[in-house]
Amino acid sequence: MTLPDGLYDQLLTDALRDAVTRTTDERTHSLQPLTAEDAPERLADALAAQLSRILDDLHGDGADKLRQQLDLVNFLLVSLRQRLGKRAGDAETLSAPPQILQSIHQRSPKPAIPETGLAFPWLFTAGKGTPSLLTELRRELAACDQVDILVSFITHSGVRKLLDILQSITAVGPDGKPRTRLRVLTTTYTGATEVRALDELARLPGCEIRVSLDGRRTRLHAKAWLFRRRTGFGSAYVGSANLSGAALMGGLEWTVKFTERGQTDLFERASAHFETLWEDSEFQGYDPANPAHRKALGEALKRESGDELIARPTYFDLEPKAYQQEMLDQLQLERDHGRWRNLVVAATGTGKTVVAAFDYKRLCQQAGGRPRLLFVAHREEILKQALRTYREVLRDHAFGEVLVGGAQPEYFDHLFATIDSVSVRELVSRCGVSHWHAVVVDECHRLAADRFDAFVSAVRPRVLLGLTATPERSDGARPSCSHGARSLRW
């Protein structure tokens, strides 16, 4: 047994102990005693790992091998009970043939159990041939006693995907109470939460909603669903997916599922933390019938968005016009020929920013994700308008952050920044010359040549795109982005 250098967290077996003691004089090792507190879980894990291999090594096929496995497990259970001085009948042996109890229900159709079960963990990655996060959430919702939802923002598109099942499980019975209780925690961070989405949820019987109205203070990025069941087979989904249509319908999100039965400590920890947040005064109850609640929520969303237009909760079905599509096709043709630095020259009002946004959307489709983007302009108003355009084209109200003045973005992966902020904050040095996959420079003819020359010379994106109404400048210099770039004119 060869042991490479590095970290370990493993109980010593006799073979492992011998291998450790054979390490050379140039290497050393560290050991820690197993505590009585950790012993049950650690020893049980070690036993389960070896027992699994032993069961798999049994000879036979099909039903014969399964019978041998069951006999061996039951023999061990009885033997362990007898070792403790207990009667053999006290052992909780497994019934033959082995079967799995999936539900106990009224005389009604059998509820559909989640495809990933209720006992083992799972990782959702939206990969082909794997269970859909949306489908699993719907199955979890269909058969649970309480649901706790914790997300940064909620959109109407997300609620719409689940509204039918939510209405079904919260329908009141003869006692006037809903079968399932819902609790929802969310925020106004970035102004992405939509009022009508909360209104839809609030109308459900037994649904309580609490909202943090100060996104800058809360900075809640957790996304979790906790499904509680009186049977003790609850489950939790924790990951990157908010309650939005894009996240639930195959966005590049990672979500980990763990279960109350299989990962009890994790489930209890998640449940306890949700209760802590639920009781935190930072989260205030929301009732759409209360005018004060509606006013406070509306003001908070407008404030957190930084611009009423950016926070608009309605998406338009934007499509490039014919001449804009021609620009996009020409850009793609240039890149097909290996020319990745391009300058789009088109008259004011032709929608160059729209072209840039659709160009980025195509880069997303080609990359299978959201490549890092830096959009640079000379005025804050242009940045906010551009951000709104990108969000509309991508149909994602949470996309991108603005860096201007004293604003401090949370991340620097999808950034809309003024050239002054880029220069003063030394953004290229801080993040790295190749940090961004795509860099877009807007209105090149209006930008200070010295700062833009320094910026464009330093940054090394895969895609560099300049936008200008004219290749000429009042100071006689060419637009900075035209240096080494292919000019495309319309």
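The values are calculated or read from the model by the stated rules, or taken from the named source; none is laboratory data. All values derive from a computational prediction rather than experimental measurement. Cβ: placed from backbone, ideal geometry, glycine included. Neighbour counts: every protein chain shown.
What to note about this one:
- Where T170 falls short, out of the listed (1) among the polar types (S, T, N, Q); (2) within 27 Å of G369 (Cα to Cα); (3) surrounded by fewer than 22 Cβ atoms within 10 Å (Cβ to Cβ): (2)
- Once the stretch 1-12 is narrowed to residues that are out of contact with any helix residue (DSSP H, G or I) (no Cβ under 6 Å at 6 or more places or on another chain) and of a type in the set (A, V, I, L, M), the residue that is surrounded by the fewest Cβ atoms within 10 Å (Cβ to Cβ) is L7.
- Residues that are in contact with a Cys (Cβ under 7 Å, 6 or more places away or on another chain) and assigned by TED's automatic domain parsing to the domain that holds V463 do occur in the stretch 335-348.
- Checking the stated criteria, A458 turns out to be more than 32 Å from the chain's Cα centre (by Cα), farther than 22 Å from D359 by Cα and at pLDDT 85 or above.
- Residue in the stretch 173-205 that is surrounded by the most Cβ atoms within 10 Å (Cβ to Cβ), counting only those that are of a type in the set (D, E, K, R) and in a helix (DSSP H, G or I): E200
- Unique match (being surrounded by fewer than 16 Cβ atoms within 10 Å (Cβ to Cβ) and under 22 Å from the mean Cα position of the chain (by Cα)) among A272, A241: A272
- Of all the residues in the stretch 400-421, those that are in contact (Cβ under 8 Å) with a residue 12 or more places away in the chain, aromatic (F, W, Y) and surrounded by fewer than 19 Cβ atoms within 10 Å (Cβ to Cβ) number 1.
- Selection of the stretch 95-119 for residues being at pLDDT 90 or above and surrounded by 13 or more Cβ atoms within 10 Å (Cβ to Cβ) yields I113, P114, T116, G117, L118, A119.
- The set of residues in the stretch 179-196 being over 25 Å from T276 (Cβ atoms) and touching a Leu at 6+ places or on another chain (Cβ under 8 Å) consists of G191, V195.
- Applying a threshold of 6 Å to beta carbon distances and a minimum spacing of six or more residues, or different chains, the list of pairs starting in the stretch 325-343 at a residue that is over 20 Å from W436 (Cβ atoms) and ending at one that is aliphatic (A, V, I, L, M) reads M327/V355; Q330/L488.
- Within the stretch 13-59, the residues that satisfy the criterion of being aliphatic (A, V, I, L, M), more than 25 Å from L72 (Cα to Cα) and surrounded by 10 or more Cβ atoms within 10 Å (Cβ to Cβ) are L16, A19, V20, L34.
So that you can scan it fast, the table gives a plain yes or no per residue for (1) under 21 Å from the mean Cα position of the chain (by Cα); (2) at pLDDT 90 or above; (3) not in a helix (DSSP H, G or I):
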residue: T135; (1), (2), (3): yes, yes, no
residue: C144; (1), (2), (3): no, yes, yes
residue: Q167; (1), (2), (3): no, yes, no
residue: L220; (1), (2), (3): yes, no, yes
residue: L226; (1), (2), (3): yes, yes, yes
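- Condition check for R362: without any contact (Cβ under 8 Å) to a residue 40 or more places away in the chain, out of contact with any helix residue (DSSP H, G or I) (no Cβ under 6 Å at 6 or more places or on another chain), surrounded by fewer than 19 Cβ atoms within 10 Å (Cβ to Cβ) and closer than 22 Å to I419 by Cα: no
- Sole residue being assigned by TED's automatic domain parsing to the domain that holds A236, without any contact (Cβ under 8 Å) to a residue 12 or more places away in the chain, surrounded by 12 or more Cβ atoms within 10 Å (Cβ to Cβ) and within 30 Å of F274 (Cα to Cα), chosen from T155, T130: T130
- Single condition I149 does not satisfy, out of (1) at pLDDT 95 or above; (2) surrounded by fewer than 20 Cβ atoms within 10 Å (Cβ to Cβ); (3) under 23 Å from H221 (Cβ atoms): (2)
- Number of residues in the stretch 169-196 that are more than 25 Å from V402 (Cα to Cα) and out of contact with any Asp or Glu (no Cβ under 9 Å at 6 or more places or on another chain): the value is 11.
- V433 meets the conditions (1) of a type outside the set (S, T, Y); (2) part of a loop (DSSP other than H, G, I, E, B); (3) closer than 30 Å to T193 by Cα in every case but one. The failed one is (3).
- Tally, over the stretch 444-455, of residues that are at pLDDT below 65 and not charged (D, E, K, R): 4
- Test: residue in the stretch 326-346 that is under 23 Å from E381 (Cα atoms) and surrounded by fewer than 11 Cβ atoms within 10 Å (Cβ to Cβ): no
- Across the stretch 64-93, the number of residues qualifying as exposed (fewer than 14 other Cβ atoms within 10 Å of the Cβ) and under 42 Å from the mean Cα position of the chain (by Cα) comes to 1.
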